[in-house]
Structures are given as C-alpha cells and as structure tokens.
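**Student:** Supplied in structure tokens, the structure appears directly below.
What follows is calculated from the coordinates using simple rules that are stated; it is not laboratory data. Just so we're clear, the structure is a prediction, and the values are computed from it rather than from any experiment. With ideal geometry, Cβ positions are generated from the backbone for all residues, glycine too; neighbour counts draw on all protein chains shown.
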Ligand code: ADP
C-alpha cells in the first residue's frame, strides 16, 4: 500500500470517526434536552394544577359556612390577592348560568364556548383541567372547572402560565447555550479520540508491516540458501549439499509449524489435552539437557528449586519447549558468566526464572522481543527466527499464566514465567 493511499484512508477514517463521535454526542445532548424539557413542563403543570385545585376546594368548603354573596366576595378578594392580571374566575349554576365572573373585557376567553363545555364536563367528572392558548395573550392559560356546593354550582378558575413559561424559556436558553458550548467541546474531544484511535490503528498497521517484512526476510534467506545449494548439487551427486537442502527445508517447515502453533494457541482453536506436570522435574530435566551446550561456552548453568515438586495442568511437550526456548536464549546471548535457573512457589503460582549474565536488552526493546519475528538488530547475526519468545508468551498465556522480563543492557536478563498451580 502506498503511503499516500494509507494516509488518505486514515484521514477519511479519522474524519468519519470524528463525525460519528460528534453525531452521537450531539444527539445524546438533544435527547437529554427534550426529555428534561418535557419533565420540567409536566412538573410545572402539576404544580399549577395543584394550586388551582386547592383554590377550588377551598371555595367548595366555604359553601358549608357562607351564603352565595359572601362566597362571591371571598372569591373576588382571593383573586385580587393573586393579581387580577394573572387569574380569573367564573361561578356558574349547574344549568350553566353565570352567577359571578371576572371582567370579560379583560378576559375575552371567559366567553369562549369551550368554557361552558368544560363547565358541563365538570358536572360529570367533578374536576377537569384544560389549557387554553388565547390569541390575545402570549401565554397559555390553565383552567380548572370543578363542581362545588354539592354539585349545585361550578367554579372555573383560570391562571396564566407566564411564570412557568418564563422559567421554561430561561431553562431553554441556558441549556441551549450549554449545549452549544458542549457541542464545540464534544467535537474537539471527538477529534482527539479519533486521533488516539488513529495512532493505535497506525501502530497496528506498522506492526503488521514489520511482521510481514520479517516473515519475508526470514523465509527468503533460507529459500535463497536452498536455491544456492540446489544449484551446487545440480547434475552431480553431492550428498553434502543435498543433506543441507534437507536441513534447510526442515528448518523452514519447523518455523512454519511454530507459527501455526502460536496462531492456534492465540486463537484458542485447539484444545490440547492437559495432564498433571511437575514443573520442578521438567525444568530440572531441561537444565540437564542444556548443560553440555552451556559447558561448550564455558558458562555455568545452575538449577535450584525451593519446592520438591510443583504440580500444574499443562501439555508437557509444549511446556518443555517453553523452558527450552528460555534456556537456549540465555546460553545464546551470554558469552561468559553464569545462568541461574530457579523454580519456586509464589501464592497460587509456580514460578520459573531464568537469569543470565549476557548482553541484556535495552528497556525500549523489552516489550517488543515478544512480538513475532522480532529480533534485536545486534542479535540478528546469531541463529534464530524470532519466534521463540512469541511461542513462550502464547503457550504460557494459553495456560492462564504470564511471562515477563527484567533486563539491563550489558549486564544480563531475567525471564520470569508464572503458571497457575
Ligand atoms: P530468537 O532467539 O530466535 O532470535 P526469540 O523470540 O527467542 O527469537 O527472541 C527475540 C529476541 O529477543 C532475540 O533475537 C534477542 O534479540 C532478544 N533476546 C531474547 N532472549 C534474550 C536474552 N536472554 N538476552 C538478550 N536478548 C535476548
């Protein structure tokens, strides 16, 4: 893929991601706005209705104590207290004749035909509430119609919703401004998030490219060697070259087999039968096998165990290979000194440590050495395919364990494997 195509894809992807984040964020805000607006309106209406009902009930109660004239005066006074511009009333008999009313010139809605309809309804239902939007006013009016005085009368009280609508207006303005600010913030955050995701994707793509490059390199080298050997052997019976060809082919297929095993373990595809394995015995045996190799390089290989045995459930062949990979690396990357191998129990884990006094690993490389085919530049001249530690990591992870490294450049490394008992 050319760099330009890749950049274009990333840019359009990043744009789309930003857009998605922003759309999600803004629509969430809008939904929250509408829901809270509806809740606020419903709550305010409920408060107004409660007030109107309390007033109507009070008038109903008064019918037990006062005569009609006294009640009319009482209503007028209480209305005046609330403010004539905010509240109106109408008292009707059960056959809908108006007995008392606020000024109809000030409240033309008092003569609207629906007012009488609602009064009629209240005879059936006791209390009804309605909202009116009169053309002569900017505010809605909430009206209660209630049968009172043992259903002989009907009181209608209307109250403008000015205060409530002003409050909602204020809420909408403040929320609107907040949404505006949050929207800008949201888009900036969305963009930053998208950038973060891009860095991740870019990293993954780079890793993929590195692995592909490494595979290409690691497969090409033996293939070139095989071809060279085949050319030499061509036409003459050269058993040495033919033998080397077989060896190279074996190495290549071993590499491919390891790759497949790692892929299988990572994907959890193959459930390899696990049996009880004694980690102490297995590591001890591994050390014995590698002892001659260490001796050849004048390195002392020491093994010690804090426990007689440590039993875990594992696949013995794979675990042997895990230990062998660590021992092989320790010997390979140490030119003099010693290698200490230890097994111990730590809580519910069996722990294996392999410590060498070799070349060590720079801190920046310590994460990367577990990647497939990754080999530190300085060690490329030594035999290997860069799959050893990937194998270790995948197999240990498939057993529910972990592997880590501590190392100082030029002083040595310690690899630690923890496996659940
Ligand atoms: P290989 O050993 O085949 O190169 P590995 O996956 O086992 O591949 O290791 C990857 C790289 O990590 C090695 O190439 C080497 O650079 C580094 N490495 C591994 N073990 C050690 C060690 N004990 N000391 C120093 N470097 C190491």
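**Student:** Please determine, in degrees from 0 to 90 and to the nearest 10, the orientation of helix 3-62 with respect to the longest principal axis defined by the Cα atoms of the chain, where the helix direction is its Cα long axis.
**Tutor:** That works out to roughly 30 degrees.
**Student:** I've got another one for you. Rounded, prolate or oblate: which one fits region 221-347, using the alpha carbon gyration tensor with axes a ≥ b ≥ c (rounded when a/c is under 1.5, else prolate when a/b beats b/c, else oblate)?
**Tutor:** It comes out oblate by the Cα gyration axes.
**Student:** How high is the relative contact order of region 308-421, in percent, counting Cα pairs under 8 Å that sit 6 or more residues apart?
**Tutor:** This gives 32 percent for region 308-421.
**Student:** Also, quick follow-up: What is the fewest-to-most order of 299, 201 by other Cβ atoms lying within 10 Å of their Cβ?
**Tutor:** So the ranking, lowest neighbour count to highest, is 201, 299.
**Student:** With the crude spin-label approximation of a point 7 Å out along Cα→Cβ, what separation in nm comes out for residue 171 versus residue 192?
**Tutor:** Here the answer is 3.1 nm between the modelled labels.
**Student:** Also: Would you work out the relative contact order for the chain, in percent, from Cα pairs under 8 angstrom that are 6 or more residues apart?
**Tutor:** Computed over the chain, the figure is 11 percent.
**Student:** Pairs of Cα atoms under 8 Å, at least six residues apart: use those to get the relative contact order of region 103-162, whole percent.
**Tutor:** The normalised contact order for region 103-162 reaches 26 percent.
**Student:** Ok, one more. Would you list 166, 37, 136 from fewest to most Cβ contacts within 10 Å?
**Tutor:** Arranged by neighbour count, lowest to highest, 166, 37, 136 become 136, 166, 37.
**Student:** Summing -39500 (n - 2.57) over the DSSP H runs of n ≥ 4 in the chain and dividing by its residue number, what mean residue ellipticity at 222 nm do you reach, to the nearest 500 deg cm²/dmol?
**Tutor:** Calculated from helices alone, the mean residue ellipticity at 222 nm is -20000 deg cm²/dmol.
**Student:** If you count, for each residue, the other Cβ atoms within 10 Å and average over each peptide, how do 402-414, 385-397, 316-328 line up from highest to lowest?
**Tutor:** My ranking of the peptides, most packed first, is 385-397, 316-328, 402-414.
**Student:** Per 10 Å bin from zero, what fraction in whole % of the C-alpha pairs of the chain is there, up to the bin with the longest pair?
**Tutor:** Result, from short to long distances: 4, 14, 15, 11, 9, 7, 6, 7, 9, 9, 5, 2, 1, 0 percent.
**Student:** Separate question: Between helix 162-233 and the chain, what is the angle of the helix's C-alpha long axis to the longest principal axis, kept within 0 to 90° and rounded to the nearest 10?
**Tutor:** 20 degrees
**Student:** Next question, about the same structure. Could you work out how far helix 388-398 tilts from the main Cα principal axis of the chain, as a 0 to 90 degree angle to the nearest 10?
**Tutor:** Between helix and principal axis, roughly 50 degrees.
**Student:** Order of 71, 226, 144 from fewest to most other C-beta atoms within 10 Å?
**Tutor:** 226, 71, 144
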